[in-house]
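The structure appears below as structure tokens.
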Amino acid sequence: MTSKAKIIRLPGLIDIHVHLRDPGQTQKEDFTSGTSAALAGGFTTVVDMPNNSEPITTVERLLQKRDLAQQKSVAGIGFHYGSLGDNLETFEEAAPLSIGLKLYLNNTTGGYLLDVAYLKKIYAAWPKDKVVLLHVEEDVIDIAIESMKNLKRPVHVCHMPSKEILEKIINAKQSGLPITCGVCPHHLFLTNEDVDKLGNYGRMLPSLKTREDQQYLWEHLDDIDIFESDHAPHTHQEKAEGAHGVPGLETTLPLLLTAEKEGKITREQIIEKCHTNPARIFSIPTSDRTYTEVSLEEYTITNENLFTKCGWSPFDGQKVTGKVVKTVINGKTCFENGKIIATPGDGLVIPS
Ligand code: DOR
Ligand code: ZN
């Protein structure tokens, strides 16, 4: 006898950290495939990063990207603007078209590295009602925190992988700095021990850390504001050649609901970090008519069943509990029973 699995409803999830690669690297992903992956993963709004092959550091490129997204997206989408310290005069025009400003203080895909000498000037120039997001690893976290002092500007530290960084963020928060932080599912559900098995598919920046680091993240969930997937697809060929990054939009929610079943996290914490906090911190509109429905049944994540164009996941073969069965935006069903119902162009670009 088969019993029907329980269906739960969650508010539409928001992922403030994805790389949809459009325009320029659509062999990895594009706005249609990436936002389809979002819907299939229960996400109704995503915010895309500026490290395209031509970085989004001019208003012209930002406008082009918004136009393209408006034609191709099936879910809500916004954009973080970028800076290498030489485009401060564009901030006034770019900020109202952006969700935040992303700065890379460590090397990353695209080689898009900011000299820390520019940091203070950028903090001062970007409007204070919009967040600056940082890619900072252990070697630059102290400089980043130091540079925020006395400025009263919101800063979000992306994808914290380790005890060392989270401890420093907790201290900075306690000292009164307006700092928030995010953690990626891969740092919660994988460690450096998994790299033996995953090979290049276990490589991303920041890299996977030790079990002790992982444990520290789980023990300090209340200090983590946001879960962000850092959905960073690359083709098999590019991974074989050493590209860093893993997709995450379709695996984040099932992994978290599985952790809930195991008693590691509560439903309230999942909603807070995947919906309420991202909406509040990044001023992303929400609605009671925007939600996702998840069947609490067990299934196996497989590379074959993904919408992301890259066609693989580091969690391939993993059994999880929590299958997204329906995703609704503003009352319109956009994804149901494994099929995308929305058509390209239905997704709203924000800020509108
Ligand atoms: O692993 C990563 N991949 N880390 C980043 O910072 C960038 C991302 C990408 O764009 O591939
Ligand atoms: Zn990223």
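The values are calculated or read from the model by the stated rules, or taken from the named source; none is laboratory data. Keep in mind it's a predicted model, so treat the numbers as computed, not measured. Reconstructed Cβ throughout: ideal geometry from the backbone, glycine too, with neighbour counts over all protein chains shown.
For segment 197-235, the candidate set comprises residues that are more than 16 Å from ligand 2 (Cβ to nearest atom) and of a type in the set (Lys, Arg); within that set, the residue that is surrounded by the most Cβ atoms within 10 Å (Cβ to Cβ) is 209. What number of residues within segment 121-148 satisfy the criterion of being within 30 Å of residue 212 (Cα to Cα) and not in a helix (DSSP H, G or I)? Total satisfying the criteria: 9.
Just one of the listed residues (286, 333, 276, 258) is within 16 Å of residue 10 (Cβ to Cβ) and part of a strand (DSSP E or B), namely 333. Within segment 64-119, the set of residues being surrounded by fewer than 20 Cβ atoms within 10 Å (Cβ to Cβ), out of contact with any helix residue (DSSP H, G or I) (no Cβ under 9 Å at 6 or more places or on another chain) and either at positive phi or among the hydrophobic types (A, V, I, L, M, F, W, C) (or both) comprises 95, 110, 111, 113, 117. Residue count for segment 238-255 satisfying the condition of being assigned to a helix (DSSP H, G or I), out of contact with any Cys (no Cβ under 8 Å at 6 or more places or on another chain) and not small (Gly, Ala, Ser): 4. A Cβ distance below 8 Å, combined with a sequence gap of six or more or placement on separate chains, defines the contacts here; from segment 84-112, residues that are over 21 Å from residue 141 (Cβ atoms) reach residues that are outside any loop (DSSP other than H, G, I, E, B) and β-branched (Val, Ile, Thr) in the pairs 88/122; 90/59; 93/59; 94/59; 97/59; 99/16; 99/47; 99/131. Residue pairs whose Cβ atoms lie under 7 Å apart, separated by 6 or more positions or on different chains, with the first residue in segment 11-22 and under 20 Å from residue 135 (Cβ atoms) and away from ligand 2 (no atom under 15 Å from the Cβ) and the second hydroxyl-bearing (Ser, Thr, Tyr) and assigned to a strand (DSSP E or B), are 14/45.
Scanning segment 94-137 for residues that are of a type in the set (Asp, Glu), over 24 Å from residue 241 (Cα atoms) and touching a Pro at 6+ places or on another chain (Cβ under 9 Å) yields one hit, 129.
Per the conditions (1) among the hydrophobic types (A, V, I, L, M, F, W, C); (2) away from ligand 1 (no atom under 16 Å from the Cβ); (3) not in a strand (DSSP E or B), the sole criterion not satisfied by residue 37 is (2).
When every residue of segment 228-241 is checked against the conditions, none turns out to be more than 15 Å from the chain's Cα centre (by Cα), of a type in the set (Ser, Thr, Tyr) and away from ligand 1 (no atom under 16 Å from the Cβ).
Across segment 155-196, the number of residues qualifying as buried (at least 21 other Cβ atoms within 10 Å of the Cβ) and either modelled with pLDDT under 95 or in a loop (DSSP other than H, G, I, E, B) (or both) comes to 7.
Total residues in segment 69-119 satisfying the condition of being small (Gly, Ala, Ser), within 14 Å of ligand 2 (Cβ to nearest atom) and modelled with pLDDT of 95 or more: the figure is 2. Restricting attention to segment 25-63, the residues that are surrounded by 19 or more Cβ atoms within 10 Å (Cβ to Cβ) and either at pLDDT below 95 or closer than 22 Å to residue 346 by Cβ (or both) add up to 21. Applying the condition of being of a type in the set (D, E, K, R) and within 16 Å of ligand 1 (Cβ to nearest atom) to segment 1-34 and asking which residue is farthest from residue 80 (Cα to Cα) yields 28.
Scanning segment 120-136 for residues that are touching a helix residue (DSSP H, G or I) at 6+ places or on another chain (Cβ under 8 Å) and closer than 20 Å to residue 181 by Cα yields a count of 10.
Pairs are defined by a Cβ separation below 6 Å, a sequence spacing of at least 6 or placement on different chains, a first member in segment 45-59 that is free of Cβ contacts under 8 Å to residues at least 60 places away in the same chain, and a second member that is more than 14 Å from ligand 1 (Cβ to nearest atom) and among the acidic types (Asp, Glu); the pairs so defined are 59/93. Filter segment 80-132 for residues that are under 19 Å from residue 47 (Cβ atoms), within 16 Å of ligand 1 (Cβ to nearest atom) and of a type in the set (S, T, N, Q) and give the result. Listed by number, the residues that qualify are 83, 108, 109.
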